[in-house]
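Reading through the structure tokens given below for one structure.
The values are calculated or read from the model by the stated rules, or taken from the named source; none is laboratory data. Source: prediction; values computed, not measured. Positions of Cβ are backbone-derived with ideal geometry, glycine not excepted, and every protein chain shown enters the neighbour counts. With ligands, DNA and RNA removed, areas are computed over all heavy atoms of the protein, side chains included. Shrake-Rupley method; radii C 1.70, N 1.55, O 1.52, S 1.80 Å.
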Amino acid sequence: MKVEIWSDVMCPFCYIGKRKFENALAKFEHKNEVTVEWKSFQLNPNLVTDISINTIQHLAESKGWTMDYTNQSIQHVTDVATEVGLNFNFEKAVVANSFDAHRLLHLAKKHKLQNQCKELLLAAYFTEGKNTADHEVLTNIGLQIGLDANEISNVLESNQYADEVNNDINYAQEIGVRGVPFFVLGNKYAISGAQSIETFLAALTQTWNETVIVK
């Protein structure tokens, strides 16, 4: 059974949703027969990478929020992340366009290393405060998961996989995706947002029963 997940590297609830889904999958009886494919999505495709400010400042400025309200919102998200074992450091997070990170994910998909790549990209952004638009950072992530240095360089220094990223984004628009994370299970059911572990587990079970067992 295939699960497709539209997600962005700079989306906090995408990381939280990833962890919740993984926790649900770990409890799923047929977990070894589930394939996960990460799909590209950009919350802000026109975002210009800016290492001079952190994500908290950028969020306040772009949303027109006061710093007090912004900090309250950040604290809420951080607390939710902590509940699933994630350590968010928004004060260190770098404002970075995610397009090249998505291209790296497509290279990782080619080598069946996409989930490992996704995890390291999210950790780099939310926990480690790394610039996930920087080619050196992306190269190091690729090397960590076992990708070839020359192949990484060839991708990052070209437009390779740009069409694949755009195709993911365009298809998401066609099927009505307005926010991420967005999960499509067995090409049959959709779940939007970082839902509870119980919700994901129930969806996995229902999709399996209605698609795989029927076949």
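Just a few scattered comments:
- Thr139 being within 23 Å of Asn97 (Cα to Cα), modelled with pLDDT of 95 or more and of a type in the set (Ser, Thr, Tyr): yes
- Within the stretch 1-33, the residues that satisfy the criterion of being open to solvent by 20 Å² or more (accessible area, probe 1.4 Å), more than 26 Å from Ser62 (Cα to Cα) and either aliphatic (A, V, I, L, M) or in a strand (DSSP E or B) (or both) are Met1, Lys2, Glu4, Leu25, Ala26.
- Test for Gln72: is it crowded, with 17+ Cβ neighbours inside 10 Å, out of contact with any Leu (no Cβ under 9 Å at 6 or more places or on another chain) and at pLDDT 95 or above: no
- Looking across the stretch 165-191, just one residue is free of Cβ contacts under 8 Å to residues at least 40 places away in the same chain and under 17 Å from Asn23 (Cα atoms), and that is Ile191.
- Top-ranked residue of the stretch 127-172 - restricted to ones that are part of a loop (DSSP other than H, G, I, E, B) and of a type in the set (Val, Ile, Thr), ranked as nearest to the chain's Cα centre (by Cα): Thr132
- Residue, surrounded by the fewest Cβ atoms within 10 Å (Cβ to Cβ), within the stretch 121-159, restricted to residues that are polar (S, T, N, Q) and touching a residue at least 24 places away in the same chain (Cβ under 8 Å): Gln144
- Any hit, the stretch 81-89, residues being over 26 Å from Asn167 (Cβ atoms), in contact with a strand residue (DSSP E or B) (Cβ under 9 Å, 6 or more places away or on another chain) and crowded, with 16+ Cβ neighbours inside 10 Å: no
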